[in-house]
Structures are given as structure tokens and as C-alpha cells.
Amino acid sequence: MASFMDMALEEARAAGDAGEVPVGCVVVREGVVVARSGNHALVEHDPTAHAELVAIRQAAALLCSERLDDCDLYVTLEPCAMCAAALSFARIRRLYYGAADPKGGAVDNGIRFFASPSCHHCPEIYGGIAEAEASALLKDFFRERR
């Protein structure tokens, strides 16, 4: 059986195949996937349609709750400030991410959103999960476009 990060990588590959930046996300509750998505910003003409936001919206709708405090989120790239804030507002229990993002990340890089005094909830954070594969997907995607 594939790991949850493997599922997020599948979503990232599908996003890349669709021309989106290859980032994928899976939301898990009690060992069951409740939502999964890749980036949809281009196809939806929505700059907020990052994989994390799409998956959080799906999970909240399925669970009929804006609070996902018993859910874990797996994403292939360190979340940006917008996505980190969404994880906080959704009360995500644990964040597992793949590749670090020195330019746009906001968890262990950049503004370090969860360390901010204005952050109301900080999930447990585990970075570097399947980092090599997640990073390779992104590097290959951008190399092909340069």
C-alpha cells in the first residue's frame, strides 16, 4: 500500500502533467484519506487554488466542519504563508511536507508563520518526507520551462 506522501506525490505528478506547478496534498483522518488534490491555480483561474487549500476545502466539506483538528496533512512542498495560515485556521493536527522552499516557504523558511505571535494554532511539523522525489519533480518541471 502506498504511503500518504506517495499519494501526495501522485497528485503532484498529475498537477505537473496538467501544466500546474507539481505540488500535491493529502488530508488524512484516523488513517483514512478524506481529501487529496494537486495545484489547480491555472485550470481554475484562481491564485488561491494551491493543493493544500483545495484539499482543506474538500476535507472540511466532507467532514461538515471548519475544524480539522483530528486531521493530518501531507504535502510535497513546504507551505507558503497563505497555506500555512489555512492550516492554522483549520487546526490541522500534523503537517508532513516534502521539499523545503527557501524562496516561498513559510514554515521553516521565510516568515516562519507558525512561530509568529499572531498564529493561533501550530501543528506538529515534520519536514523532509520524500524530499528527494518531491524536489526532483519541481526541478524537472521548471527546467523544462526555462
If you roll a 1.4 Å probe over the heavy atoms of the protein chains, what accessible area per residue do you get for the chain, in Å²? 50 Å²
Specify whether the C-alpha gyration tensor of the stretch 38-108 places it in the rounded, prolate or oblate class, a ≥ b ≥ c being the square roots of the eigenvalues: rounded for a/c under 1.5, otherwise prolate if a/b is larger than b/c and oblate if not. oblate
Carbon + sulfur, % of accessible area of the chain - ligands and nucleic acids excluded, 1.4 Å: 54 percent
Shape call for the stretch 1-60 from the C-alpha gyration tensor, a ≥ b ≥ c root eigenvalues: rounded (a/c under 1.5), prolate (a/b greater than b/c) or oblate? oblate
Of all DSSP beta bridges in the chain, what percent run antiparallel (nearest 5)? 60 percent
Leu42 to Ser118: extension gain in nm, 0.36 nm per residue of separation minus the Cα-Cα distance? 24.3 nm
In sequence order, calculated HN-Hα J values of the stretch 107-116 (Karplus, 6.51, -1.76, 1.60; Hz; x Gly/Pro): 9, 9, 10, x, 6, 6, 3, 5, 8, 6
Please list Tyr74, Tyr126, Tyr97 from largest to smallest accessible area, probe radius 1.4 Å, with all protein chains kept in place. Tyr126, Tyr74, Tyr97
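The values are calculated or read from the model by the stated rules, or taken from the named source; none is laboratory data. Bear in mind that the values here come from a model prediction, so they are computed numbers and not experimental data. The area values use the complete protein model at the heavy-atom level, side chains included, leaving out ligands, DNA and RNA. Shrake-Rupley method; radii C 1.70, N 1.55, O 1.52, S 1.80 Å.
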